[in-house]
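J.: Take a look at the following structure, please.
The values are calculated or read from the model by the stated rules, or taken from the named source; none is laboratory data. Just so we're clear, the structure is a prediction, and the values are computed from it rather than from any experiment. Here Cβ is always computed from backbone atoms with ideal geometry, including for glycine, and neighbour counts include all displayed protein chains.
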Amino acid sequence: PATTHARGGGLRFTPVPPQTGDVFTVPGGYDSAVVVRWGDPVLPGAPAFDFDNQSGDAQAKQFGYNCDYVTLFPMGRDRALLWVNHEYTNEALMFRGYSAPAATEEQIKIGMAAHGGSVVEIERARGTGRWKLVTTGRRRYNRRITAQTPMRFTGPAAGHDLLKTAADPEGRNPLGMLNNCAGGTTPWGTVLTAEENFDQYFVNGDRADPNVARYAIPTNVPSNNRRFDRVDERFDLAKHPNEANRFGWIVEIDPFDPDGAPIKRTALGRFKHEAATTSVRRDGRLEAYMGDDSRFEYVYKFVSKERYRHGDDRHNRTLLDEGTLYVARFTGDSPKEEIDGSGRLPEDGGFDGSGEWIPLVSGNTSHVPGMTAEQVLVFTRVAADKVGATKMDRPEDVERNPVTGGVFVALTNNSNRTPAQADEANPRAANKSGHILEIVEGRGTAFAWSIPLVCGDPNDPATYFAGFDKTKVSPISCPDNVAFDRDGNLWIGTDGNSLGHNDGLFVMPLRGRERGYVRQFLSVPVGAETCGPLVTEDQRSVFVAVQHPGEVDGATPDNPASRWPDGDQPRPSVVVVWHGQGKKIGS
Ligand code: FEO
Ligand code: CA
Ligand code: CA
Ligand code: CA
């Protein structure tokens, strides 16, 4: 049963110490192996990876770069489809002598093909937690999605003028997805993948358009721009101003339909999306929680109009096209003078309070004065600005605790927050290490919230580990991608550790005597962040994506900062970790 070990978290492993080496470390008794790396052949006809002989055509058939969100779709006991996001590319590490202004067309094509996502078949040897890429046989579901894959828009903004371009006068058929960061898995077995920092792929946005500014889209040609416009002019907004409106969405992909067009679901709004964590409410409606990962951005929620019907996937696949999109307002319950930006706990002993989901749009009805429903969906940030939503410290991944139902939001960091801007939901000025906030839904649009974890060096008084003894916990910084195991332990991947160590994967029990006892489970090599993570349903394997190993200022292929995983050029990879004796993860 799911709750057997919930009281103490069931965690007995010895934490790995913080480290700064070019290694992937796991606790004693555990093993790890790379499942799939950048460049591994995944489609028929793909050549073997050859760092010094790359091409766009090859990359479109090989595993992409910078793996991020990871999810699994079982195909029986020992086979599964693995979905992986490919968030972005780091050309300076991919090509010798790379310079953005002088990029070759082939380099640009490789970059475009290395974005998107992959579906790959994996298998395991019975009785172990180790999974491997299937490299022989038909592999009929293997798929690469890239910056050029034909897609569809659905929902209230599909076909609207704001989404029309010369190449797509109907405004319904966008090409490709970009910067897919976190994600979610629906109850009907599809992936929701979140387009995050899509602004960076465009050039020449309209300086006079406030919507361009609100999404930080370049109004010139930045010297570090990848120059996709040189291969495909739709990325030049002076020529195709609406093209940028076609990115920044939640994209749904059915891994078992390799020919199906991915769907950009406009009802979920457009921002720098992180995650889309779905669950079915008690009343049968589907909820999707989402973050917008920039400093001072918002937390959102979509609630479907219709109810989920168990087993009726045809119906369920329409749920994300009609409903209400909300943005969160967090109100603290302690006096403002006690929230001074120092991170010191207020006198009531907790950063906590109440909140409200503020409706922005329901179907074709806008709730925002001066904006139509379609404008709210395409310029969601602008709409949220108008209704008094709470500006957060970079809302990243959101996950629901399967044991208690609480919804956990990772707030990565926000070094720009001033003491005067501190509020109880974002209580630290110059927040370098981030925090985690729990939402407990209440009646209607009301909720309660609290902060169980304020990250950092536990010796720093401005940290909080749910009241647990701070002499015992692992230092943790910049929570990013989060996941739950079936026992309700929160697994936290970090990105951008500000304490001088490599990033890693941590676990935090949320109930019982060990609530707040944060322990580091693994650490990743130099320059990498820890993405995924995924603890499998049987709790025998944990998957993490090691994103951007070797991404250190000034590193190049001739002067690499990391040689992980092969002792050669660094390659972003998905790794599986298991207990050598087949024990439960965390044992
Ligand atoms: Fe791509 Fe918000 O991290
Ligand atoms: Ca991420
Ligand atoms: Ca309080
Ligand atoms: Ca991140």
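J.: For the stretch 486-587, which strands (runs of 3 or more DSSP E) that fit wholly inside it have 2 or more residues that are closer than 30 Å to Ala430 by Cβ and either free of Cβ contacts under 8 Å to residues at least 24 places away in the same chain or not hydroxyl-bearing (Ser, Thr, Tyr) (or both)?
T.: Once the strands (runs of 3 or more DSSP E) in the stretch 486-587 are filtered for at least 2 residues that are closer than 30 Å to Ala430 by Cβ and either free of Cβ contacts under 8 Å to residues at least 24 places away in the same chain or not hydroxyl-bearing (Ser, Thr, Tyr) (or both), what remains is 490-494, 504-508, 519-523, 529-535, 542-547.
J.: Out of Leu360, Leu411, I need the residue that is within 24 Å of the chain's Cα centre (by Cα), more than 16 Å from ligand 4 (Cβ to nearest atom) and either surrounded by 23 or more Cβ atoms within 10 Å (Cβ to Cβ) or among the polar types (S, T, N, Q) (or both). Which one?
T.: Selected residue: Leu360, the only one of Leu360, Leu411 that is within 24 Å of the chain's Cα centre (by Cα), more than 16 Å from ligand 4 (Cβ to nearest atom) and either surrounded by 23 or more Cβ atoms within 10 Å (Cβ to Cβ) or among the polar types (S, T, N, Q) (or both).
J.: Anything in the stretch 56-77 that is modelled with pLDDT under 95 and either within 16 Å of ligand 4 (Cβ to nearest atom) or not small (Gly, Ala, Ser) (or both)? List them, or say none.
T.: As a first pass, look at the stretch 56-77 and keep what is modelled with pLDDT under 95: 76-77.
Correct list: Arg77 only.
J.: Is it the case that the stretch 223-236 has a residue that's surrounded by 19 or more Cβ atoms within 10 Å (Cβ to Cβ), more than 16 Å from ligand 1 (Cβ to nearest atom), closer than 21 Å to Val482 by Cα and among the aliphatic types (A, V, I, L, M)?
T.: No, there is no match, as no residue in the stretch 223-236 is surrounded by 19 or more Cβ atoms within 10 Å (Cβ to Cβ), more than 16 Å from ligand 1 (Cβ to nearest atom), closer than 21 Å to Val482 by Cα and among the aliphatic types (A, V, I, L, M).
J.: Would you confirm, using the coordinates I've provided, whether Val546 is closer than 16 Å to Asp22 by Cα and either within 16 Å of ligand 4 (Cβ to nearest atom) or among the aromatic types (Phe, Trp, Tyr) (or both)? Spell out the reasoning first.
T.: Values: closer than 16 Å to Asp22 by Cα: yes; either within 16 Å of ligand 4 (Cβ to nearest atom) or among the aromatic types (Phe, Trp, Tyr) (or both): yes.
Taking the combined requirement at face value, the residue satisfies it.
J.: Let me ask something additional. Of the residues Gly284, Gly350, which is farther than 27 Å from Thr418 by Cβ, in the same structural domain as Leu178 (by TED's automatic domain parsing) and away from ligand 2 (no atom under 16 Å from the Cβ)? Full working, then the answer.
T.: On the way: Gly350 fails: farther than 27 Å from Thr418 by Cβ.
Only one candidate qualifies: Gly284.
J.: Taking Arg417, is it assigned to a helix (DSSP H, G or I), away from ligand 4 (no atom under 16 Å from the Cβ) and buried (at least 19 other Cβ atoms within 10 Å of the Cβ)?
T.: Criteria not met by Arg417.
J.: Could you tell me whether Ala113 is modelled with pLDDT of 95 or more, of a type in the set (Gly, Ala, Ser) and either more than 29 Å from Thr266 (Cα to Cα) or not assigned by TED's automatic domain parsing to the domain that holds Thr186 (or both)?
T.: So Ala113 fails the test.
J.: Check the stretch 434-450 and report whether any residue there is in a strand (DSSP E or B), more than 18 Å from Asp352 (Cα to Cα) and touching a Gly at 6+ places or on another chain (Cβ under 9 Å).
T.: No, the stretch 434-450 contains no residue that is in a strand (DSSP E or B), more than 18 Å from Asp352 (Cα to Cα) and touching a Gly at 6+ places or on another chain (Cβ under 9 Å).
J.: Kindly indicate whether Ala213 is small (Gly, Ala, Ser) and either free of Cβ contacts under 8 Å to residues at least 24 places away in the same chain or more than 29 Å from Ala288 (Cβ to Cβ) (or both).
T.: It is true that Ala213 is small (Gly, Ala, Ser) and either free of Cβ contacts under 8 Å to residues at least 24 places away in the same chain or more than 29 Å from Ala288 (Cβ to Cβ) (or both).
J.: Please go through the stretch 282-296 and pick out each residue that is surrounded by fewer than 24 Cβ atoms within 10 Å (Cβ to Cβ) and either free of Cβ contacts under 8 Å to residues at least 24 places away in the same chain or within 15 Å of ligand 1 (Cβ to nearest atom) (or both).
T.: Listed by number, the residues that qualify are Arg282, Glu287, Ser294, Arg295, Phe296.
J.: In this structure, does Gly248 turn out to be farther than 21 Å from Ala483 by Cα, within 16 Å of ligand 2 (Cβ to nearest atom) and modelled with pLDDT of 95 or more?
T.: So Gly248 passes the test.
J.: Within the stretch 13-39, count every residue that is touching a residue at least 40 places away in the same chain (Cβ under 8 Å), assigned to a loop (DSSP other than H, G, I, E, B) and either closer than 19 Å to Gly532 by Cα or of a type outside the set (D, E, K, R) (or both).
T.: So the answer is 15.
J.: Further, regarding this structure: Exactly one condition in (1) among the basic types (Lys, Arg); (2) part of a loop (DSSP other than H, G, I, E, B); (3) within 30 Å of Pro533 (Cα to Cα) is not met by Arg207; state its number.
T.: (3)
J.: Would you point out the residue of the stretch 471-485, among those that are out of contact with any Ser or Thr (no Cβ under 7 Å at 6 or more places or on another chain) and in a loop (DSSP other than H, G, I, E, B), that is nearest to ligand 3 (Cβ to nearest atom)?
T.: Restricting to residues being out of contact with any Ser or Thr (no Cβ under 7 Å at 6 or more places or on another chain) and in a loop (DSSP other than H, G, I, E, B), the top hit is Val473.
J.: With respect to Arg126, determine if the residue is basic (Lys, Arg), closer than 30 Å to Gln581 by Cβ and at pLDDT below 95.
T.: The answer is yes for Arg126.
J.: What do you reckon, is Val518 closer than 25 Å to Asp78 by Cα, touching a Leu at 6+ places or on another chain (Cβ under 8 Å) and of a type in the set (A, V, I, L, M, F, W, C)? Walk me through how you get there before you give the answer.
T.: Details: closer than 25 Å to Asp78 by Cα: no; touching a Leu at 6+ places or on another chain (Cβ under 8 Å): yes; of a type in the set (A, V, I, L, M, F, W, C): yes.
Against the criterion (closer than 25 Å to Asp78 by Cα, touching a Leu at 6+ places or on another chain (Cβ under 8 Å) and of a type in the set (A, V, I, L, M, F, W, C)), Val518 does not qualify.
J.: Looking at Ser354 and the list (1) within 16 Å of ligand 3 (Cβ to nearest atom); (2) surrounded by fewer than 23 Cβ atoms within 10 Å (Cβ to Cβ); (3) under 30 Å from Asp457 (Cβ atoms), which single condition is not satisfied?
T.: For Ser354, the exception is condition (3).
J.: Go through the stretch 216-239 and report how many residues are farther than 19 Å from His115 by Cα and over 24 Å from the mean Cα position of the chain (by Cα).
T.: 8
J.: Now, a different point. Residues that are closer than 30 Å to Asp206 by Cα and within 16 Å of ligand 1 (Cβ to nearest atom): does the stretch 300-321 have at least one?
T.: Yes; the residues of the stretch 300-321 include at least one that is closer than 30 Å to Asp206 by Cα and within 16 Å of ligand 1 (Cβ to nearest atom).
J.: Looking at the stretch 262-277, which of the residues that are within 14 Å of the chain's Cα centre (by Cα) and closer than 26 Å to Pro402 by Cβ is nearest to ligand 1 (Cβ to nearest atom)? Spell out how you get there, then give the answer.
T.: In the first step, residues of the stretch 262-277 are kept if they are within 14 Å of the chain's Cα centre (by Cα); the result is 271-277.
Remaining after also requiring closer than 26 Å to Pro402 by Cβ: 273-277.
Working: His273: 9, Glu274: 5, Ala275: 9, Ala276: 13, Thr277: 14 Å.
So, considering only residues that are within 14 Å of the chain's Cα centre (by Cα) and closer than 26 Å to Pro402 by Cβ, the one nearest to ligand 1 (Cβ to nearest atom) is Glu274.
J.: Within the stretch 568-583, does at least one residue satisfy the condition of being surrounded by fewer than 17 Cβ atoms within 10 Å (Cβ to Cβ), within 23 Å of Glu123 (Cα to Cα) and touching an Asp or Glu at 6+ places or on another chain (Cβ under 7 Å)?
T.: The answer is yes, given that some residue of the stretch 568-583 is surrounded by fewer than 17 Cβ atoms within 10 Å (Cβ to Cβ), within 23 Å of Glu123 (Cα to Cα) and touching an Asp or Glu at 6+ places or on another chain (Cβ under 7 Å).
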